[in-house]
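Asks: Just dropping this structure here.
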Amino acid sequence: MDKKIVFSGIQPSGEPTIGNYIGAIRNWVEIQNNEDYDSIYCIVDMHAITVPQVPKDLRKHTLEVLSLLLATGLDPEKTTLFIQSHVSAHAELNWVLNSLTYMGQLNRMTQYKDKSKRFEDSSINSGLFTYPVLMAADILLYQTDYVPVGEDQRQHLELSRDIAERFNNRYSETFKVPEALIKKEGARIMSLQDPESKMSKSDSNEDSYILLLDNGDAIRRKIKRAVTDSEGVVAYNDQQKGLKNLIDIYSAFTNEGLDTIVARYNGKGYGVFKEDLSEVVAEGLRPIQERYKDLINNKDYLEKVYKEGAEKAEYRAMKTLRKVYKKIGFIPR
Ligand code: ATP
Ligand code: LTN
């Protein structure tokens, strides 16, 4: 039986948060270890520059993200792990797909609407606008069956499917039409400061997220400051959104059911619950942080991983790109 192809990406736009870990990365590891899948994971530095990045920080964050992915259990022997800008086919297919995507579709993308609010109208760059087209190129280059992502990426996935279908209809069957793989649990971890918006590593308020590399003290401080409510009862419902999010995080790290957790804290205050949650998160992150410390200092190994990853990815990407160029009428060199 042919293995199903899985592709996903993460931006080196900062240090990964527990939102990235719960909503995406830990699922990537699970998929990598399942024999039915052939997985490809990409650090999307070209996506990251759609918002301003300091060059030396971008370099640093790219290696940090790579080390963290390895520390959480991705294994270059089992999966293809690479950096987007190393495989130029992504930019090339992006250009082709730009000519197949309507402005109206891009105008409806909620991530674009949210992110562009941070800038004056005159300084919103067009990369931010066409961001989802580059994402479609990433996915379609590898004839991807499934794309594991958090809930926030559902709309982008729909657009990728649409672009694939449009190309196939216009030029004949070329791309596999990908499906999103979004888990019910943990697909949307919210900001600790504003339970209405998602936890994001590029949030300007440090208290809003927990980073995978945060130490015990930082974790305790941020959870202590996390916004809750004045009900005073540990319960899981939409009226107590802040608490609901904290219970989701607790459940993600312990694999315990929501009811079990709520029952345990029945009659106890938020203080006790928050103290225990801090412990659970710090304990859960400790082994990842220990492996990370060795990896980030081993630049030779990291270089070997991303170079070999790029070679494997490029070979596969070029097969699709050659096909695309031929179908649209470009003359082969
Ligand atoms: P930024 O905050 O810089 O926009 P991000 O963290 O939202 O970045 P990525 O780094 O590209 O975005 O996300 C990588 C993966 O993590 C994606 O699959 C995304 O859906 C998932 N993800 C991001 N934030 C969360 C969250 N709060 N809850 C669940 N999953 C998330
Ligand atoms: N847009 C995604 C990151 C991303 C991605 C991809 C995810 C870029 N290319 C391809 C899955 C597949 C984000 O912001 N989280």
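The values are calculated or read from the model by the stated rules, or taken from the named source; none is laboratory data. Computed from a predicted structure; not experimentally measured. Cβ placement follows ideal geometry from the backbone for every residue including glycine, while neighbour counts extend to all protein chains displayed.
Asks: Name the pairs whose Cβ atoms lie under 8 Å apart, with the first residue in region 304-333 and surrounded by 14 or more Cβ atoms within 10 Å (Cβ to Cβ), the second modelled with pLDDT under 95, and 6 or more positions between them or separate chains?
Replies: Final answer for the pair search is Y325/P332.
Asks: One residue is enough: does region 110-131 have a residue meeting the conditions more than 11 Å from ligand 2 (Cβ to nearest atom), aliphatic (A, V, I, L, M), over 22 Å from E311 (Cβ atoms) and under 17 Å from the mean Cα position of the chain (by Cα)?
Replies: Looking for residues that are more than 11 Å from ligand 2 (Cβ to nearest atom), aliphatic (A, V, I, L, M), over 22 Å from E311 (Cβ atoms) and under 17 Å from the mean Cα position of the chain (by Cα), one finds at least one in region 110-131, hence yes.
Asks: Sticking with this one: If I filter region 26-45 down to residues being away from ligand 1 (no atom under 13 Å from the Cβ) and in a loop (DSSP other than H, G, I, E, B), which single residue comes out as surrounded by the fewest Cβ atoms within 10 Å (Cβ to Cβ)?
Replies: First pass over region 26-45, keeping only residues away from ligand 1 (no atom under 13 Å from the Cβ): 29-30, 32-40.
Cutting the leftovers down to in a loop (DSSP other than H, G, I, E, B) gives us 33-36.
Working: N33: 14, N34: 11, E35: 8, D36: 10.
Per the stated criteria, the residue is E35.
Asks: Tell me whether region 97-104 contains one or more residues that are away from ligand 2 (no atom under 14 Å from the Cβ), free of Cβ contacts under 8 Å to residues at least 24 places away in the same chain, in a loop (DSSP other than H, G, I, E, B) and not basic (K, R). Don't jump to the end; show me each part of the working.
Replies: If we filter region 97-104 for residues that are away from ligand 2 (no atom under 14 Å from the Cβ), which is where we start, we get 98-104.
If we keep only those that are free of Cβ contacts under 8 Å to residues at least 24 places away in the same chain too, we end up with 99, 102-104.
This time we only want the ones that are in a loop (DSSP other than H, G, I, E, B), so: 99, 102.
So of that shortlist, the ones also not basic (K, R) come out as 99, 102.
Looking for residues that are away from ligand 2 (no atom under 14 Å from the Cβ), free of Cβ contacts under 8 Å to residues at least 24 places away in the same chain, in a loop (DSSP other than H, G, I, E, B) and not basic (K, R), one finds at least one in region 97-104, hence yes.
Here's the yes/no breakdown for (1) farther than 30 Å from I247 by Cβ; (2) assigned to a helix (DSSP H, G or I); (3) within 13 Å of ligand 1 (Cβ to nearest atom):
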site: M1; (1), (2), (3): yes, no, no
site: G9; (1), (2), (3): no, no, yes
site: A24; (1), (2), (3): no, yes, yes
site: H47; (1), (2), (3): yes, yes, yes
site: E64; (1), (2), (3): no, yes, yes
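Asks: Pick out the one residue from K222, K176, K201 that is touching a residue at least 12 places away in the same chain (Cβ under 8 Å), in contact with a Phe, Trp or Tyr (Cβ under 9 Å, 6 or more places away or on another chain), among the charged types (D, E, K, R) and outside any loop (DSSP other than H, G, I, E, B).
Replies: Numbers: K176 fails: outside any loop (DSSP other than H, G, I, E, B); K201 fails: outside any loop (DSSP other than H, G, I, E, B).
Exactly one of K222, K176, K201 is touching a residue at least 12 places away in the same chain (Cβ under 8 Å), in contact with a Phe, Trp or Tyr (Cβ under 9 Å, 6 or more places away or on another chain), among the charged types (D, E, K, R) and outside any loop (DSSP other than H, G, I, E, B), namely K222.
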